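FYI, it's all coordinate maths here, none of it is from the lab. Keep in mind that what you see is a predicted model, and the values were worked out from it rather than measured. Neighbour counts are summed over all protein chains in view; Cβ atoms, including those assigned to glycine, are modelled from backbone coordinates with ideal geometry.
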Amino acid sequence: MISVSILNADFGRLNEQIDMINQSKAAWFHLDIMDGVFVPNISFGLPVVQAVHARAAKPLDTHLMIANPDPYVKEFHHCGSQWLNVHYETCPHLHRTLESIRKAGMKAGVTLNPHTPHSVLEEVIADVDLVLLMSVNPGFGGQSFIRNTYDKVARTRELIERKQSQALIQVDGGVDLKNIARLRQAGVDVFVVGSFIFRSEDPVKTIDELQHAIETA
Ligand code: DX5
Ligand code: ZN
């Protein structure tokens, strides 16, 4: 599945860009929330999530890059998120945070920075709906893919199977037509793609090509 990151979309034409994603083969919308504290950039907040939700015909997958996610869990549900990803690095009581996401009625995702080993999930993986492995350092779209991610995906897949978890594996950052097939072969279920789509001449066709590469990998 493809989840389109709108971080590099043209926000002056947001409705048009949402319609493009609605018409494409993408499965989800990926919304990057950045607070300028946990990551060195500020993106957008709840009113934008609400606006996307009002027009999107597909589920919203919200990636929180904020220092203190706990007080905002319910609000993201009210604004239309179906999937909520929190960073392991921001949650000292991760089990409690995951519980609160599920209690609020959403699917719970945990995101790991490139330097954070997959093994930190050993004791919670059974209660996780999605593991998001960052393949760039979070904060900006358009960065280059970190190649260690291939092996990290395989190690995460092994952990999920050993613990009989239902968690999906998602990868985010620098995904394009050159690496998507190999990532699929390593075990990725959901691919976040941003700038590769929005910088292309025909975004719907680019999504088609990415989807085809996933299906034939
Ligand atoms: C990075 C964000 C990503 C980013 C992906 O911090 O989490 O979702 O927008 O964009 P590309 O595909 O441009 O790397
Ligand atoms: Zn993201």
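Residues considered: His118, His78, His87. Largest GNM mean-square fluctuation over the chain, using C-alpha springs under 10 Å, is found at His78. Count Lys and Arg as plus one, Asp and Glu as minus one, and take only other residues whose Cβ is under 10 Å from that of Thr206; the net charge is then -3.
Each other residue within a Cβ distance under 14 Å of Glu161 adds +1 if Lys or Arg and -1 if Asp or Glu, for a net charge of +1.
Filter the trypsin sites (Lys or Arg not before Pro) in the range 142-190 down to the DSSP loop ones having no more than 16 other Cβ atoms within 10 Å, then list what survives.
Details: sites: Arg147, Lys152, Arg155, Arg157, Arg162, Lys163, Lys178, Arg182, Arg184; in loops: Arg147, Lys163, Lys178.
Sparse-neighbourhood loop trypsin sites (Lys or Arg not before Pro): Arg147, Lys163, Lys178.
What's the whole-number percent of alpha carbon pairs in the range 128-175 lying beyond 15 angstrom?
Working: 502 of 1128 pairs.
Result for the distance tail: 45 percent.
Under a point-charge model restricted to the Cβ atoms of Lys and Arg (+1) and Asp and Glu (-1), what is the dipole moment magnitude of the range 1-101 relative to its Cα centre, in debye to the nearest 20?
Details: 6 positive and 10 negative charges, 50 e Å.
Here the size comes out at about 240 debye.
Contact order for the chain, expressed relative to its length and based on alpha carbon pairs under 8 Å spaced 6+ residues apart, stands at 20 percent. Each Cα pair under 8 Å and six or more residues apart adds its sequence gap; the mean of these over the residue count of the range 143-186 is a relative contact order of 59 percent.
From least to most packed, judged by other beta carbons within 10 angstrom and beginning with the fewest, Phe145, Phe29 follow the order Phe145, Phe29. Once the Cβ-Cβ distance of Asn113 and Ala27 is raised to the sixth power relative to R0 = 22 Å, the FRET efficiency obtained is 0.35. Which shape class applies to the range 2-215: rounded if a/c is under 1.5, otherwise prolate when a/b exceeds b/c and oblate if not, where a ≥ b ≥ c are the square roots of the Cα gyration tensor eigenvalues? Oblate. Computed about its Cα centre, the charge dipole of the chain is approximately 220 debye, with only Lys, Arg, Asp and Glu carrying charge at their Cβ.
Considering helices alone, the calculated mean residue ellipticity of the chain at 222 nm is -9500 deg cm²/dmol, with DSSP H runs of length four and up weighted by -39500 (n - 2.57) and normalised per residue. Mind checking which of Phe191, Phe145, Ala167 is farthest towards the positive end of the range 120-211's charge dipole, using Cβ charges of +1 (Lys, Arg) and -1 (Asp, Glu) about the Cα centre? Towards the positive end, the residue furthest out is Phe145. Listed by chain and number, the lysines placed with their C-alpha closer than 23 angstrom to that of Lys178 are Lys25, Lys152, Lys205; residues fewer than eight positions away on the same chain are left out. A run of the chain free of exposed loop cleavage sites, with GluC sites (Glu not before Pro) counted only in DSSP states other than H, G, I, E and B and at most 14 other beta carbons within 10 Å, reaches its longest extent at 1-121.
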